[in-house]
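Worksheet: the structure to be examined is printed underneath.
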Amino acid sequence: MPFKPFYRFKIATLGSLFLISGIATPAVRAQSSPLAQGLPTILTQPAPPAPTPTAPVPESAYTLGAGDIVNVVIFRVPQYSGESQVLVDGALNLPLVGKVNVNGLNLDEASAAISRQYGQYLRRPIITLSLLNRRPLQIGIAGEVSRPGSYTIDQNETQSSRLSQLIATAGGITQSADLAQVQVRRPRADGSQQLVTVNLWDLIRNGNLSQDVTLRDGDSVFVPTALVPIESAALLADASFATDVNQAINIAIIGEVYRPGPYTLQGGVARTGDAGTPGAAGSSNTPTTVTKALQVAGGIKPQADIRKVQVVRPTRAGTPQVFEVDLWELLKAGNLQQDAILQEGDTVFVPVATALTPAEVSELASASFSPDSIRVNVVGEVEQGGVIELPPNTPLSQAILAAGGFNNRARRGSAELVRLNEDGTVSRSTIDVDFAQGIDEENNPLIRNNDVIIVNRSGLASVTDALGTITSPLGGLFSIFRFFDIFR
């Protein structure tokens, strides 16, 4: 009779746990280990579904890192469940299994990693991992933002930090930002970087929230430079992550304005002191525009070329941008897009016009960014001589009338105009005065601020004054003789 191997199995039932003599199962080995003291009974029957966690369920894309606080729940093992913080090395220090590396893993991946570690001691462990407190994010941002650099952003339990929130924290975007190609560089676990290109124009124009990406710890954001079309500048300035209009900016205004130089403006209003004679008041709750800057600089001069006003703008890339605005289009067609919004460091240059018609000069003088008035000194043979304030589009003949007109001693028909030129020289010219003459650069020019108009004496008045000067000593002598005759 052939030998038949015979195996005897001694089976003992301990609740629902089966111990097989002669064979050491993982469960038995776990119980024989000193670490397994107090290990609960492991069921062989199907387990019920995991309970719903009480902590808020975060986004599945969130990756764990040092500083995160999580809640680890092992089904039917409360003594090994509880809160745990991710250490600086990216690991969770858990009971029984020790350290489990979860750095760079999302919650599902971290749960699987913890399950594998507990699977060495527990049969079919059911792990529920929830995020209790998010760590602060360390994120860098550079490019066309007001305050580039590194930022630490606190997160709450229900909402992650968005790209738009980071830009707002960095002071907002500049007017040179290329929102169509914002770059987010994200480190990977293998040491490489993932490049994500975001189109924030789609968020501003269409409300596409998918472009407002969720940021992660270690992300680097770069906002490139571009020349923003003037018709899009207002939309860019109205974005929730734009630069605060209440923030003061430093700009320079040069060229054909009455008070060129540097200015500190807040909403188009000079921050301290009276910086000129603006044509309209501004508000600190509105952006600073070209016309508001011209107002603060005393307004434009009569020969300003407002069709080619230049704005020179520094950029983070190092190369300045230069673009032109046509304020004549603003006056004639009401095109507010030509009133460009200014930002920190801008320089506004108003060139000299080569030729202006009298009608253009008159219309230009009535603009809101022209001065309210100019000062002219009218001296000589007029009824009310002295310094008078006149509208900026006043011709020479009207200035004489504003001073009361010629008196009886005036040389009617001519006057002298003394003007301080831009190069520091003084010009003096004699102009025929005809009160019926319209504006003419040679015969009836527009007066400018600080001009001096001299009305000379007529020939008869000059002779009379000369005779009076000659006879004045003789008249005094005759008066002395009469004095002695009285006391004789």
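What follows is calculated from the coordinates using simple rules that are stated; it is not laboratory data. Only a predicted model underlies this, so the values are computations on that prediction, with no experimental measurement involved. No Cβ is skipped: glycine too gets one built from the backbone with ideal geometry, and neighbour counts run over all protein chains shown.
Would you please give the FRET efficiency between residue 227 and residue 408, computed as 1/(1 + (r/R0)^6) with r the Cβ-Cβ distance and R0 = 56 Å, to the nearest 0.05? If you can, show how the numbers build up before the last one.
Working: r = 65 Å, r/R0 = 1.16.
Efficiency at R0 = 56 Å is approximately 0.30.
Check residue 133: other-chain or 5+ apart residues with amide H under 5 Å from its amide H, H built from backbone geometry?
Correct list: 69.
Can you give the extra length, in nm with one decimal, that the chain gains between residue 91 and residue 244 once fully stretched, where that is 0.36 nm per residue apart less the Cα-Cα distance?
50.9 nm
Which far-off residues, 5 or more places away or on another chain, put their amide H under 5 Å from the one on residue 97, with H placed in the peptide plane?
Close amide H contacts, sequence-distant or interchain: none at all.
Can you tell me which of 294-302, 356-364 comes out highest on packing, and rank the rest after it, using the mean Cβ neighbours within 10 Å? Provide the component values of the computation, followed by the final result.
Values: 294-302: 25.8, 356-364: 15.7.
The densest-packed peptide leads the list: 294-302, 356-364.
Order the peptides 171-184, 436-449 from the highest to the lowest mean number of other Cβ atoms within 10 Å of their residues.
171-184, 436-449
Run the numbers for residue 379 and residue 108: contour at 0.36 nm per residue of separation, minus the present Cα-Cα distance, in nm.
On the way: separation 271, 0.36 × 271 = 97.56 nm, distance 9.09 nm.
Going from the current span to full extension adds 88.5 nm.
Taking θ = phi - 60°, what integer Hz values does the Karplus form 6.51 cos²θ - 1.76 cosθ + 1.60 yield along the stretch 342-358, in sequence order, with x for Gly and Pro?
Each residue of the stretch 342-358 in turn: 9, 9, 3, x, 5, 10, 9, 10, 10, x, 8, 6, 6, 7, 10, 6, x Hz.
Would you kindly derive the ³J(HN,Hα) couplings of the stretch 126-141 from the backbone phi angles with the Karplus curve 6.51 cos²θ - 1.76 cosθ + 1.60 (θ = phi - 60°), listing them in order in whole Hz, with x for Gly and Pro?
9, 10, 10, 10, 10, 8, 8, 9, 7, 6, x, 8, 9, 10, x, 9
If R0 is 56 Å, what FRET efficiency do you get for residue 426 and residue 185 from their C-beta distance, rounded to 0.05? Write down the numbers at each step before the final one.
Values: r = 63 Å, r/R0 = 1.12.
FRET efficiency, residue 426 to residue 185: 0.35.
In terms of the Cα gyration tensor, with a ≥ b ≥ c the square roots of its eigenvalues, is the stretch 374-457 rounded because a/c is under 1.5, prolate because a/b exceeds b/c, or oblate? Don't skip to the end; give the middle numbers.
On the way: a/c = 1.39, a/b = 1.32, b/c = 1.05.
Taking the square roots of the gyration eigenvalues as a ≥ b ≥ c, the stretch 374-457 is rounded.
Rounded to whole Hz and in sequence order, give me ³J(HN,Hα) for the stretch 451-456 from the Karplus expression 6.51 cos²θ - 1.76 cosθ + 1.60, θ = phi - 60°, writing x for Gly and Pro.
Per-residue couplings from phi come out as 5, 10, 10, 10, 9, 7 Hz.
Residue 434 to residue 254: FRET efficiency via 1/(1 + (r/R0)^6), r the Cβ-Cβ distance, R0 56 Å, to the nearest 0.05?
With a Förster radius of 56 Å, E is 0.90.
Below 15 angstrom from the Cβ of residue 331, what's the summed charge of the other residues (Lys, Arg +1; Asp, Glu -1)? Don't skip to the answer; put the middle values down first.
Numbers: positive: 307, 308, 332; negative: 305, 326, 329, 339, 360, 363.
Summing Lys/Arg as +1 and Asp/Glu as -1 gives -3.
Would you mind putting 125-134, 196-205 in packing order, based on average other-beta-carbon counts within 10 Å, highest first?
Numbers: 125-134: 19.9, 196-205: 17.3.
Order by mean packing, descending: 125-134, 196-205.
Evaluate the distance, in nm, between pseudo-label points positioned 7 Å from the Cα of residue 419 and of residue 234 along their respective Cα→Cβ axes.
So the label points at residue 419 and residue 234 sit 3.7 nm apart.
May I ask for the net charge around residue 253, where only other residues with Cβ less than 13 Å from the Cβ of residue 253 are counted and Lys, Arg are +1 while Asp, Glu are -1?
Surrounding charge for residue 253 is +1.
Quick one: length gained pulling residue 197 to residue 354 fully straight, 0.36 nm per residue minus the C-alpha distance? Mind showing how you got there, number by number?
Working: separation 157, 0.36 × 157 = 56.52 nm, distance 4.72 nm.
Full-extension gain reported as 51.8 nm.
Quick check: pseudo-label points 7 Å beyond the Cα along Cα→Cβ at residue 220 and residue 205, how many nm apart are they?
Here the modelled spin labels are 3.0 nm apart.
Under a crude label model (7 Å from the Cα following the beta-carbon direction), how far is residue 308 from residue 450 in nanometres?
Reported label-point gap for residue 308 and residue 450 is 2.6 nm.
For residue 374, what charge total do you get from the other residues with a beta carbon under 11 Å from its beta carbon, if Lys and Arg give +1 and Asp and Glu give -1?
Numbers: positive: 301, 375, 448; negative: 372, 389, 451.
Result for the neighbourhood of residue 374: 0.
For residue 106, list long-range residues whose amide hydrogen, built 1.01 Å from N in the peptide plane, is under 5 Å from its own amide hydrogen.
Under 5 Å from the amide H of residue 106: 64.
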